[in-house]
1. Whether any residue in segment 41-64 is exposed (fewer than 10 other Cβ atoms within 10 Å of the Cβ), modelled with pLDDT of 85 or more and not hydrophobic (A, V, I, L, M, F, W, C) is what I want to check.
2. Just to be sure before I move on: is Gly38 at pLDDT 70 or above, exposed (fewer than 10 other Cβ atoms within 10 Å of the Cβ) and outside any helix (DSSP H, G or I) in the structure I sent?
3. Kindly indicate which of Asp33, Asp17 is of a type in the set (D, E, K, R) and either assigned to a helix (DSSP H, G or I) or modelled with pLDDT of 70 or more (or both).
Amino acid sequence: MRKARMAESSYPVGAHDYASGAEELERLAAALDEVPRGALVVSGIAVGLLMIGWLGMYFLVFLPRGPVG
């Protein structure tokens, strides 16, 4: 079975010096708790802007032209 990359002693930890692997996993889990909320906010803003644009086209372009036919 292959070892995980983070478990290898030669893998560089970088600027973070964690006391243990459990502490690193705890901090990683805490950071990942924030990601979905931020993505939801960004997607909500994008959908809101799309809806505002669609309503603008509807009220400013389609309604003034009147019925077709």
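1. yes
2. Values: at pLDDT 70 or above: yes; exposed (fewer than 10 other Cβ atoms within 10 Å of the Cβ): yes; outside any helix (DSSP H, G or I): no.
Criteria not met by Gly38.
3. Numbers: Asp17 fails: either assigned to a helix (DSSP H, G or I) or modelled with pLDDT of 70 or more (or both).
So the residue among Asp33, Asp17 that is of a type in the set (D, E, K, R) and either assigned to a helix (DSSP H, G or I) or modelled with pLDDT of 70 or more (or both) is Asp33.
The values are calculated or read from the model by the stated rules, or taken from the named source; none is laboratory data. Being a predicted model, the structure only gives us computed values, none of them experimental. FYI the Cβ positions are ideal-geometry reconstructions off the backbone, even for glycines, and counts take in every protein chain you see.
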